[in-house]
Amino acid sequence: IAKEVAKLLEMKAQLGEDEGKHKFVLKTPKGTRDYGPKQMAIRERAFNAIISSFKRHGAEVIDTPVFELKETLTGKYGEDSKLIYDLKDQGGELLSLRYDLTVPFARYLAMNKITNIKRYHIAKVYRRDNPAMTRGRYREFYQCDFDIAGQFDPMIPDAECLKIVHEILSDLQLGDFVIKVNDRRILDGMFAVCGVPDSKFRTICSSVDKLDKVPWEEVRSEMVGEKGLSPEAADHIGEYVQLHGGLELIERLLQDAQLSQNKLAKEGLGDMKLLFEYLTLFGITGKISFDLSLARGLDYYTGVIFEAVLLHQENEHVEEPVSVGSVAGGGRYDGLVGMFDPKGRKVPCVGVSIGIERIFSILEQRLEASEEKIRTTETQVLVASAQKKLLEERLKLISELWDAGIKAEMLYKKNPKLLNQLQYCEDTGIPLVAIVGEQELKDGVVKLRIVATREEVNVRRESLVEEIRIRTNQ
């Protein structure tokens with residue numbers, strides 16, 4: 001150690017001579033990270049599960065620019081607008097990095113006069129936040145969005161969005177989860193009957209939205225202390241937001257003397273009842289909870305809102321499972337497209353966003369714990385040789401395999417040792433080795449070795465492609 005320290009000190013002294021130069025730090029920017037081959041392999045698994053669900057439900061795919069005109073994004077996100085990344089003025093346009101995929105989608109619909117589409121969009125979005133990266137929160141991250149735009153009968157598309165969330169979370173096997181559902185109209189109606197002035201709806205809404213992270217007492221003191229709400233109104237809200245349940249709760253609230261008098265709340269509760277009937281037909285109500293504390297801070301929601309949270313049992317004795325955090329969210333936003341349309345034409349929309357980063361950090365931790373070996377390539381076969389001077393033959397064979405669509409590799413050495421070639425397969429998980437040797441060339445065969453069992457078979461050169469396909473499909 002002393003020797004190494006002396007060496008490092010000497011290097012430092014040499015570097016010290018360049019004191020005038022700026023020291024260059026090698027790191028990724030705050031709130032971002034690199035993904036190595038292992039992480040990308042896990043990510044691809046998750047993306048594949050999500051995309052196959054979106055496609056199963058008939059969605060088309062679109063893409064939009066990573067930055068938008070600043071005015072496109074302004075005023076769409078409520079209190080979160082301060083997290084938008086603005087870019088320096090380049091060429092006379094004020095631009096911002098996209099904050100989510102929903103506002104660009106609404107702009108795309110209005111601009112192209114589209115009134116009917118079911119689409120998904122998977123891309124990176126940007127938030128000027130100070131996030132907790134350990135919990136899968138970043139400044140640059142992927143969103144996976146599925147949206148249904150168009151005029152349809154109530155709650156049918158909304159129910160399908162919830163079915164998709166249920167499908168994806170079940171498919172990824174992340175553990176127990178619950179999908180909380182509420183409606184913006186029920187919230188607004190509730191605020192009205194509790195005596196919240198219209199002008200304070202949105203700001204009180206964003207306080208209620210914090211209930212999954214902080215206790216009611218803190219939320220109440222924020223409403224009263226910071227936002228100037230009367231203590232009576234806050235207590236009245238408190239009675240409602242602590243309720244959650246299913247159809248029986250909806251029925252009970254429809255009978256609620258005050259709520260049932262409010263037009264908005266009554267509409268919202270009527271639709272919620274319909275939604276639960278459809279979800280019963282889909283057979284997923286076991287994982288759905290109608291939750292009056294769910295508020296989702298974004299300004300553009302107009303109807304149903306939902307959020308999926310993972311639950312983890314700390315131990316057997318806990319009555320209430322603890323929430324790990326949101327892994328999907330969404331809702332209905334009927335007014336957003338109209339904001340962009342010069343004539344204010346509305347296109348009703350409902351959509352869901354899957355929080356791939358949170359899901360990914362859970363999958364990553366789980367794989368680390370299980371010590372399962374992850375393959376980072378899909379190579380089916382390594383082309384190897386047992387004797388020297390066979391590089392040309394290896395190149396000829398690997399080219400035949402590539403042209404036939406087989407995923408193949410070889411070592412970049414003229415005369416590699418057979419042992420090294422076999423070891424490479426062990427290390428990278430390549431299942432097969434195609435060995436060319438002088439005798440095999442004379443006989444018109446290739447020796448195919450199965451790495452796992454070390455069994456070897458001679459295969460006619462013309463049947464090799466088929467044989468590799470059969471063995472790697474199994």
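The values are calculated or read from the model by the stated rules, or taken from the named source; none is laboratory data. Keep in mind it's a predicted model, so treat the numbers as computed, not measured. We place every Cβ from the backbone using ideal geometry, glycine too, and count neighbours over all the protein chains shown. The accessibility values were calculated without ligands, DNA or RNA, using every heavy atom of the protein model including side chains. Shrake-Rupley method; radii C 1.70, N 1.55, O 1.52, S 1.80 Å.
Here are a few things to note about the model shown:
- Residue that is nearest to THR203 (Cα to Cα) [pool: residues in the stretch 77-126 that are part of a helix (DSSP H, G or I) and hydroxyl-bearing (Ser, Thr, Tyr)]: SER81
The rows are residues; the columns are (1) within 27 Å of the chain's Cα centre (by Cα); (2) in the same structural domain as TYR77 (by the TED database); (3) within 30 Å of ARG45 (Cβ to Cβ); (4) open to solvent by less than 40 Å² (accessible area, probe 1.4 Å).
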position: GLY175; (1), (2), (3), (4): yes, yes, yes, no
position: ARG184; (1), (2), (3), (4): yes, yes, no, yes
position: MET190; (1), (2), (3), (4): no, yes, no, yes
position: ILE204; (1), (2), (3), (4): no, yes, no, yes
position: PRO215; (1), (2), (3), (4): no, yes, no, no
position: PRO231; (1), (2), (3), (4): no, yes, no, no
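- Residue within the stretch 40-59 that is among the acidic types (Asp, Glu), under 20 Å from TYR138 (Cβ atoms) and in the same structural domain as ILE356 (by the TED database) present: yes
- For PHE146, the criteria (1) in a helix (DSSP H, G or I); (2) of a type in the set (Phe, Trp, Tyr); (3) crowded, with 21+ Cβ neighbours inside 10 Å hold in every case but one, which is (1).
- Selection count, the stretch 260-302, where residues are without any contact (Cβ under 8 Å) to a residue 60 or more places away in the chain, open to solvent by 20 Å² or more (accessible area, probe 1.4 Å) and closer than 20 Å to GLY331 by Cβ: 4
- Check on ILE435, closer than 26 Å to PRO37 by Cβ and touching a strand residue (DSSP E or B) at 6+ places or on another chain (Cβ under 8 Å): no
Okay, residues lined up against (1) assigned to a helix (DSSP H, G or I); (2) touching a strand residue (DSSP E or B) at 6+ places or on another chain (Cβ under 9 Å); (3) at pLDDT 90 or above:
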residue: LEU229; (1), (2), (3): no, no, no
residue: GLY238; (1), (2), (3): yes, no, no
residue: ASP256; (1), (2), (3): no, no, no
residue: SER260; (1), (2), (3): yes, no, no
residue: GLY268; (1), (2), (3): yes, yes, yes
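- Meets criteria (within 22 Å of ARG33 (Cβ to Cβ), touching a strand residue (DSSP E or B) at 6+ places or on another chain (Cβ under 7 Å) and modelled with pLDDT under 95) for ASP100: yes
- Elements of type strands (runs of 3 or more DSSP E) contained in the stretch 313-390, each with 3 or more residues being more than 22 Å from ASP299 (Cβ to Cβ) and at pLDDT 95 or above: 381-385
- Unmet requirement for ARG471, which otherwise passes all of (1) of a type outside the set (A, V, I, L, M); (2) within 37 Å of the chain's Cα centre (by Cα); (3) surrounded by fewer than 13 Cβ atoms within 10 Å (Cβ to Cβ): (3)
Yes or no, residue by residue, for (1) surrounded by fewer than 17 Cβ atoms within 10 Å (Cβ to Cβ); (2) more than 21 Å from LYS407 (Cβ to Cβ):
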residue	(1), (2)
LEU422	no, no
GLU426	yes, no
ILE430	no, no
ILE435	no, no
LYS442	yes, yes
VAL445	no, yes
THR453	yes, no
VAL459	no, no
GLU466	yes, no
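- Restricting the first member to the stretch 234-259 and to residues that are open to solvent by 20 Å² or more (accessible area, probe 1.4 Å), and the second to residues that are part of a helix (DSSP H, G or I) and β-branched (Val, Ile, Thr), the beta-carbon pairs closer than 6 Å and six or more apart or on different chains are GLN258/VAL193.
- Residue within the stretch 37-60 that is touching a residue at least 40 places away in the same chain (Cβ under 8 Å), closer than 22 Å to TYR126 by Cβ, outside any helix (DSSP H, G or I) and out of contact with any Ser or Thr (no Cβ under 6 Å at 6 or more places or on another chain) present: no
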